[in-house]
Each structure stands twice: as C-alpha cells, then as structure tokens.
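Everything below concerns the one structure shown next.
The numbers here are math on the coordinates, done by the rules we state, and not lab data. Keep in mind it's a predicted model, so treat the numbers as computed, not measured. A quick note on method: Cβ atoms are made from the backbone with ideal geometry, for glycine too, and the neighbour counts reach across all protein chains shown.
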C-alpha cells in the first residue's frame, strides 16, 4: 500500500462550485498530485501527493487561478504561512 503525503491548503476567494472546479483542475494538473478534494464551505483543498512536492508549487497552481492561499498544513505538522 502506498502512503500518500497529505496537505490542506487554506484558500480565500472561493465562492461557488465553479471556483472549486478551477482549483481542483489546477492542482490535478501537477504530476505529483494523486487526489484532490475541494470544499468551498471550508475554504480549503485537501491534496494527496504520490511524490514529494514543494508547497510553493501547490500555492502557485492555486494562485494562478486567481485565488489566495493563506496557509498550507502538512499532515501531523504545523501550518506554513503562504
């Protein structure tokens, strides 16, 4: 069984399902990303990685869609200020 690295990305500016789909597509385009779940009400995306990836790459992908990343939390770790 493969152990995936998990990230929670706090995102400002998502207001609808269209926003969630834009964020999901942007993150899924990264080859290191295995799975993405976006929750508009939580203002967050939950990402499982299949390979190591710098948090900056996740941030850049989301912000390229016009949303602001306010923090990234690693499973079992502290929030990284964006």
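Place a point 7 Å from Cα of residue 60 in the direction of its Cβ. Which residues in the range 14-45 have their backbone N less than 13 Å from it? What the label zone holds, given the 13 Å backbone N cut-off, is 30-31. Would you please state which residues of the range 22-54 a label at residue 70 would reach in this model, taking the label point 7 Å out along Cα→Cβ and a backbone N cut-off of under 15 Å? From the range 22-54, the list is 39-45. Averaging the sequence gap over all C-alpha pairs within less than 8 Å and six or more residues apart, then dividing by the number of residues, gives the range 5-81 a relative contact order of 42 percent. Think of it as helices only: each DSSP H run of n ≥ 4 in the chain is worth -39500 (n - 2.57), and spread over all residues that comes to -7500 deg cm²/dmol at 222 nm.
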